[in-house]
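What follows is a set of notes on a single structure, which appears directly below.
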Amino acid sequence: VEENQKVFLVGGRCPLCRKHVFPRRAWCDRCSAAVDMESVKLSTTGVLYSFSEVHVAPPMFATPYVVGYIDLPEDVRIFAQLEHAAADLALGDRVEVALGMIRRSNDGGRVISYKFRKTGNA
Ligand SMILES: [Zn+2]
């Protein structure tokens, strides 16, 4: 998978109340009902709600790295790694989803997944 190409997160949307969730699941916490969530592409940009720097992690993670919660316009809060040092981030920063290495695999390869990078200051 190519890094830094345009990438979308696919979440779910409740057919009853239209609430969005990520990841997609078979339960709506607003309706308190088992539902058949529709698959929907989520917005690629959001706002940084909180973050923290991780210094202690299993050896396949290169520490320190930063994780945080990102709020998307669909009212979904996503937990992900961020492509920045904590010192370069502030609550409310604009971020966008991207692909990048999140850790090494057991054989030393690069494990690529979604993460977020900053596009604008709070
Ligand atoms: Zn619902």
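The gain in end-to-end length when the D75 to A62 segment is fully stretched comes to 1.6 nm, 0.36 nm per residue minus the alpha carbon separation. Counting neighbouring Cβ atoms within 10 Å and putting the fewest first, the residues L16, L42, L82 line up as L16, L42, L82.
You can think of it this way: the chain between D36 and R24 has 3.3 nm of extra reach, that is 0.36 nm per residue less the Cα-Cα gap.
Summing charges over all other residues whose Cβ lies under 14 Å from the Cβ of A122, with Lys and Arg as +1 and Asp and Glu as -1, gives -1.
Counted by neighbouring Cβ atoms within 10 Å, the residues S32, S43 run from fewest to most as S32, S43.
Share of antiparallel DSSP beta bridges in the chain, in percent to the nearest 5?
95 percent
Comparing mean-square fluctuations of G92, G109, G68 from a GNM of the chain with C-alpha springs under 10 Å, the top value falls on G109.
Available extension along the chain between D107 and A122 is 1.5 nm, counting 0.36 nm per residue and deducting the alpha carbon span.
Here the residues M101, M37, M60, ranked from fewest to most Cβ neighbours within 10 Å of their Cβ, fall in the order M60, M101, M37. For the chain, modelled as a GNM whose springs connect Cα atoms under 10 angstrom apart, the maximal fluctuation among L72, L48, L91 occurs at L91. Between S43 and H55, the distance separating the two model label sites (each 7 Å from Cα on the Cα→Cβ line) works out to 3.5 nm.
FYI, it's all coordinate maths here, none of it is from the lab. Given the structure is predicted, the values throughout are model-derived calculations rather than measurements. In this analysis, Cβ positions are derived from the backbone assuming ideal geometry, glycine residues included, and neighbour counts consider all displayed protein chains.
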